[in-house]
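What follows is one structure encoded as structure tokens, with my remarks underneath.
The values are calculated or read from the model by the stated rules, or taken from the named source; none is laboratory data. Since the structure is predicted, the reported quantities are computational estimates derived from the model, not experimental observations. Counting neighbours? That spans all protein chains shown, and the Cβs are built from the backbone with ideal geometry, glycine included. Just so you know, the surface numbers come from the protein's heavy atoms only, side chains and all, with ligands and any DNA or RNA stripped out. Shrake-Rupley method; radii C 1.70, N 1.55, O 1.52, S 1.80 Å.
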Amino acid sequence: MRFKTLILSAVCMIFAAGTASAEKRVAFVVGNGTYKNVAPLPNPTVDAKAMASALRNVGFDVVEGSNLTRDKMTERLLDFGKKAQGADVALFFYAGHGIAISGTNYLLPIDADIKSEMDVKLGAAINIDLTLEQTMGDAKVKLVFLDACRDNPFAAKIKSNSATRSVNVQTGLAEMKSGEGTLIAFATGPGQTALDGQEGGNSPFTRALLANLTQPGVEIQQAMTKVRAQVNEETNKGQLPWGHTNLIGAVYLNGAPAPGAVAAAAPAAGAKAGSDVELEFWRSIKDSTKPEEYNAYLTNYPNGQFRSLALSRIASLESGAKEKDATRNLTTGIDPATFKEEANQTTEDQIGLDKGQRRDVQRRLTGLGFDTKATGQFDAPTRAVITRWQAARGYPKSGYLNRLQHKALLTEIVAAAPAVSEEEKPKPRRAAPSTVQAQPQPQQAPPQRQYSAPAPGPDPAGAGRFIGGVVGGMLR
């Protein structure tokens, strides 16, 4: 019986795996550039073709179109709406002109000729809100990407033909709110204008989407963080993509990460499981290098399961920033030419460093954290240390010094006096070997014997005894 249960469980698992692999994904991808009544746009058709190809590669059934009139766009949207019914993921990508009238966004077909607000309301443009609701309404996950935040080419006409009543013609697109299970992304912030790319290439926003959206194992919100960073850097902070999301689960366009990779972001054993939203928030920022993103997590989840990790990352990033500031401060006041002039053997010879001065250089480098032996010889290890010091200070790297670099090194404050190596410590002098044997300490002289004076008269034997006694006493 137990064996049959195991077989049934295995069959169910295989069936579940098959169902997961058969996830229904549908995309609408259109780029309009060759407008009939306004100046053409160089990138949308290129953007749309590239995006359609990328989505097909990750399993999307793509409804594609380029340079569509109002009627052709309607046909494509009807086709997309039918295919998106009950889809697991429905994706909407549009590149081209879009306008905002009184807080509502519209897409412009290539045959649009808008002279007044009434033309817009009567169908010359396509209402984005209504379109998304009608075509993607019952999809489980809805992803919307609008590379349409350009100047309104009909703004002047609309304003001039609306003299009798107030009309709000906005720059770029108006802010949109996403419903449950929806992510909306603009090429730039609401009310702002996005940049076009070079003719024949992709716009900055679409180029960033292509680079990050379908990366293997990357969750969609993490991908969008990378998209924002790439566009911001590429445009020298002239354009920052905007988004609004109400996704309630993880979304991967090119496969979920391996279990081991997910484990790195999972809470410690025994920790209280957080919501899917919190987990996805953390996954989207866990590899970030921006402290503000970890602070945003702590603001939303002050007692979240990743609180300690977020605080640790913030501390680490701020510590790294302080180290960079410290290095920057070290070079403050240095002659600017130090950062340009190359050093070589000749420039080092011109300084005329003797052995003691070379030792001083080596000791200073060690005191600054660039460990090397103070031998007084600039051997290969010392050259490597000098190179590391030059790189850390932003000087030209060569492993040799010139006068400016040597002067800069001497001006750096060493935290503590560099320790003298064993090799440099003075050795105690040994006494020179002597052939003379050490003399014993003088002993106290024995008490002199008392002699009585000889009797008067000649006494040769007595005199001999006296002299012998004196001599014998001296020799004792």
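Going through segment 232-241 one residue at a time, which ones are surrounded by fewer than 21 Cβ atoms within 10 Å (Cβ to Cβ) and at negative phi? Before you say what the answer is, go through the steps one by one.
Going through segment 232-241, the residues surrounded by fewer than 21 Cβ atoms within 10 Å (Cβ to Cβ) turn out to be 232-238, 240.
Hits for segment 232-241 are 232, 233, 234, 235, 238, 240.
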Contacts under 9 angstrom Cβ, first residue in segment 208-231 being within 19 Å of residue 90 (Cα to Cα) and open to solvent by 20 Å² or more (accessible area, probe 1.4 Å), partner of a type in the set (Phe, Trp, Tyr) and in a helix (DSSP H, G or I), 6 or more apart: 221/281
Go over the candidates 285, 351 one by one and state the one that is surrounded by 13 or more Cβ atoms within 10 Å (Cβ to Cβ), of a type in the set (Val, Ile, Thr) and either modelled with pLDDT of 90 or more or in contact with a His (Cβ under 8 Å, 6 or more places away or on another chain) (or both). 351
In this structure, does residue 319 turn out to be among the small types (Gly, Ala, Ser), at pLDDT below 80 and more than 24 Å from residue 224 (Cβ to Cβ)? yes
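Could you list, in sequence order, all residues of segment 105-120 that are modelled with pLDDT of 90 or more and not hydrophobic (A, V, I, L, M, F, W, C)?
Filtering segment 105-120 down to residues modelled with pLDDT of 90 or more leaves 105-111.
Of everything in segment 105-120, those that are modelled with pLDDT of 90 or more and not hydrophobic (A, V, I, L, M, F, W, C) turn out to be 105, 106, 109, 111.
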Assess whether residue 292 counts as being open to solvent by 40 Å² or more (accessible area, probe 1.4 Å) and either of a type in the set (A, V, I, L, M, F, W, C) or modelled with pLDDT under 80 (or both). yes
In segment 41-52, is there at least one residue being farther than 15 Å from residue 209 by Cα and outside any loop (DSSP other than H, G, I, E, B)? yes
Six or more apart or on different chains, Cβ atoms under 8 Å: show the pairs whose first residue is in segment 35-61 and open to solvent by 20 Å² or more (accessible area, probe 1.4 Å) and whose second is β-branched (Val, Ile, Thr) and in a helix (DSSP H, G or I). 50/206
The lone condition residue 147 fails out of (1) crowded, with 23+ Cβ neighbours inside 10 Å; (2) without any contact (Cβ under 8 Å) to a residue 60 or more places away in the chain is (2)
Among the residues of segment 360-376, is any open to solvent by less than 40 Å² (accessible area, probe 1.4 Å), in contact with a His (Cβ under 9 Å, 6 or more places away or on another chain) and not acidic (Asp, Glu)? yes
Those residues of segment 90-104 which are within 18 Å of residue 206 (Cα to Cα) and assigned to a loop (DSSP other than H, G, I, E, B) amount to 96, 97
